[in-house]
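Data first, discussion second: the structure below is written as structure tokens.
Just so it is clear, none of the values below were taken in a lab; they were calculated from the coordinates. None of the values given here were measured: they were computed from a predicted structure. Positions of Cβ are backbone-derived with ideal geometry, glycine not excepted, and every protein chain shown enters the neighbour counts.
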Amino acid sequence: MFGTKTHLTAHDDHLFIDDVDSVDLAKEFGTPLYVTSEARVRQNIRAYHSAFPDADKYFAVKANGNLTVLCILAQEGTGADVFSTGELNLAGLAGIPKDKVLFNGNSKSEQDHRTALEAGVRISVDSREELESLSSVASELGTWAEVMFRINPDVSVKTHPKIATGLKTSKFGIPAEQVADTYQTAMDMPSIEPVGLHCHIGSQILDISPFAEAVARMMDVAQEVLSSGGEVKRIDIGGGLGIQYAPDTPAPKPADLAQGILPIFRDRCQDMGIRPKLILEPGRSIVADTTIMLTSVNVVKRAHVNFAAVDAGFNVLARPMLYDSYHHVVAANKAEQPAKEKYTVVGPICETGDILAKDRLLPKLERGDIMAFFDTGAYGFSMASQYNGQPRPAEVLVSGDKAELTRRAEDHSALLQGQSIPARLML
Ligand code: LLP
């Protein structure tokens with residue numbers, strides 16, 4: 001019923017995730033609620049393992065920082081791409097081995113460098129300037145850093161402009177033509193060991209050709225590095241593979257990505273006589289479709305358009321507001337009823353742009369109905385906020401017919417956390 005999403009089915013008019021009735025989950029745990037299928041997480045990462053048996057996969061923790069999800073991925077042999085000290089801590093707590101962690105970031109502080117070096121993880125250097133400061137932190141600590149260099153390959157991708165990262169004008173990476181030179185500088189630094197090249201061209205990419213272009217560009221740079229006496233032991237091509245959000249926009253699979261890039265990677269490595277470790281950093285394509293977000297209808301307003309006002313807004317799911325993203329939505333307690341009316345599904349936030357879904361054909365809705373937003377496992381909870389005095393929601397993991405709370409919902413006291421009032425202002 002829901003295309004390739006085999007973990008989502010309808011029985012007796014209710015939406016099920018694996019063997020669990022989502023309407024029961026909404027009753028038991030309350031809404032808004034993020035619900036993740038353990039089986040689907042495993043299935044998705046295994047698709048990467050079989051498409052790229054020799055590559056390491058570093059899950060992009062920014063997509064989903066739920067510790068339980070990270071533990072499942074750690075069990076499946078996944079590494080981590082972390083973009084902050086906070087994400088580094090999460091990866092460590094989940095048991096991801098430090099040898100499979102890459103500390104990325106375009107604006108790392110001295111403290112970030114210190115923490116990364118103390119944790120013993122590799123660091124992706126985003127600029128020449130960062131290289132200098134990392135080198136002094138490492139010498140100060142009496143240690144050395146294994147370093148990758150993030151290339152800005154100047155490859156354009158068809159995605160939302162806010163999530164294209166490999167354009168000449170984007171803030172990430174060292175311009176490709178400066179990388180070999182920077183590598184050379186690093187080779188002369190006693191506390192730096194340059195080990196490879198890194199790149200990430202953007203997110204939600206549905207066409208394989210820009211990945212092929214980026215790999216070719218990286219291999220050109222690798223060639224320059226080799227010619228100037230450097231060694232390239234690792235090539236990390238980042239993440240970015242898109243998923244099918246809308247029924248009419250199919251997405252390539254990890255196997256398609258493998259088919260598009262592995263021949264280039266292998267041929268070029270063979271020509272150069274090198275055998276670097278290939279690394280991928282998928283986020284969205286591993287977790288997005290594993291998760292639904294359940295939300296209750298508070299009000300159905302028949303105005304200029306039909307509004308279904310639910311208890312989750314862009315505080316819970318920011319993507320539609322930020323990127324005009326499409327998330328498929330169904331009525332979880334009317335899953336088999338015919339779609340009869342058009343609704344715009346809006347949240348409780350005091351902003352006109354707080355729209356989760358526009359003009360969707362749905363069964364006739366009423367207060368108390370449970371709506372399920374699909375494909376919310378990537379950049380869903382991880383971008384949730386407390387805006388407008390809204391505590392963040394709970395997260396649940398479903399395994400077969402079992403449902404377990406993996407993060408309890410915040411209560412209103414969370415809004416007070418860390419605040420203090422200067423005594424002179426107390427009444
Ligand atoms: N590696 C690096 C260095 C990244 O910056 C990212 C994502 C990834 C890997 C994972 O990319 P993925 O496989 O998930 O496409 N909030 C946006 C997406 C931002 C992506 C940021 N970087 C959204 O909701 O669409």
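Below, the figures for the structure above:
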read-out	value
Asp19/Asp256 FRET efficiency (R0 30 Å; Cβ-Cβ; nearest 0.05)	0.50
Helical mean residue ellipticity (222 nm; -39500 (n - 2.57) per DSSP H run of 4+; nearest 500) of the chain	-8500 deg cm²/dmol
Derived scalar couplings ³J(HN,Hα) [the stretch 151-165; Karplus, 6.51 cos²θ - 1.76 cosθ + 1.60; whole Hz; x for Gly, Pro]	8, 9, x, 6, 10, 9, 10, 8, 8, 5, x, 6, 10, 8, 10
Residue among Gly240, Gly368, Gly347 with the largest mean-square fluctuation in a Gaussian network model of the chain, springs linking Cα atoms under 10 Å	Gly368
For Ala10, residues with placed amide H under 5 Å, excluding near neighbours	Phe16
Amide H within-cut-off set for Leu356, under 5 Å, with H built and near neighbours excluded	Val345, Val346, Gly347
GNM top mover of Leu241, Leu397, Leu415 - the chain, alpha-carbon springs below 10 Å	Leu415
Other-chain or far-sequence residues with amide H under 5 Å of Ile192's (modelled H)	Ala145
Peptide ranges 42-54, 323-335, 266-278 listed from the most packed, as the mean C-beta count within 10 angstrom indicates	323-335, 42-54, 266-278
Karplus 3J(HN,Hα) series, Hz, for the stretch 419-427 with 6.51 cos²θ - 1.76 cosθ + 1.60 (x for Gly, Pro)	7, 9, 10, x, 3, 5, 9, 6, 7
Between the stretch 232-299 and the stretch 74-98, the Cα center-to-center distance that results, in Å	18
Spin-label pair Ser385/Asp12, simplified geometry with 7 Å Cα→Cβ offset, distance in nm	4.2
Eligible lysines near Lys168 by straight Cα distance, threshold 25 Å, same-chain separation 8 or greater	Lys62, Lys108, Lys158
Eligible aspartates and glutamates near Lys171 by straight Cα distance, threshold 16 Å, same-chain separation 8 or greater	Asp126, Glu129, Glu130, Asp154
Among 212-218, 11-17, the order from most to least packed when residues are scored by Cβ within 10 Å on average	212-218, 11-17
Approximate spin-label separation Cys350-Asp54, in nm, with each point projected 7 Å along Cα-to-Cβ	6.0
Phi to ³J(HN,Hα) by Karplus 6.51 cos²θ - 1.76 cosθ + 1.60 over the stretch 385-397, Hz, x for Gly, Pro	9, 9, 3, 6, x, 10, x, 6, x, 7, 10, 10, 10
Cleavage-rule hits, chymotrypsin sites (Phe, Trp or Tyr not before Pro), the stretch 373-419, DSSP coil, Cβ neighbours within 10 Å at most 15	Tyr387
Protection proxy ranking of 203-210, 399-406 - average other beta-carbon atoms within 10 Å, highest first	203-210, 399-406
Cα→Cβ-extended label distance, 7 Å offset, between Ala303 and Ser227, nm	6.4
